[in-house]
Amino acid sequence: MPELQSETSSLSPDQWADAGDSVRGAEPQTYVTFELAGQIFAVEVGTVREILDLQPISRLPNAPADLLGMIDVRGQGIAVIDLLSHLGLGHPVSRDEGRIVVFELDADSRKPVGVIADRVLSVVAIADSEIEPAPMTMVRWNAAAMTGVARVDGQLIMMLALDRLFKGDATGPFDFD
């Protein structure tokens, strides 16, 4: 590991982006883990814009079932998605507690979207080699929402692919920018 650090520390800021691809496989990636309905999910830490206390969500007319509404964060409207419903895992019970995790889905346009988590657990480092592909099944199942499954401290963690999970959902009539 010291060799890798000495190699990358000699790079100019313009070269960091190019070096990221070759370093990615060698170094563990950092993920934010959160719990939702007893399951643990993880997303790359770079996609998390902020974590907010639960606050009132304004419902939107004619919104799809998995769009809970929107919140106002420092003058910006942010859509809040029911992640359980979006993943096909059912609907949440009424929540009095929880956190809103705000993701930025598209690095170019910085489209934020929020999801409600029961708890935000921690930030963990997981090497690509520790991530297993989504399990093969004997039934039709679209695993596109996941990059794979990892085990941390004996618990299964579903690695979410936010770019694929919300593909096409970040634009349209509920685009608040």
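What follows is calculated from the coordinates using simple rules that are stated; it is not laboratory data. Because the structure is a prediction, the values reported are computed rather than measured. Virtual Cβ from ideal backbone geometry, glycine too; neighbours counted across all protein chains shown.
Points to keep in mind about this one:
- Modelled FRET efficiency - R0 45 Å, residue 52 with residue 143, Cβ distances, 0.05 increments: 0.95
- Each label was represented as a point 7 Å from its Cα along the Cα-to-Cβ direction; for residue 120 and residue 85 these points are 2.4 nm apart.
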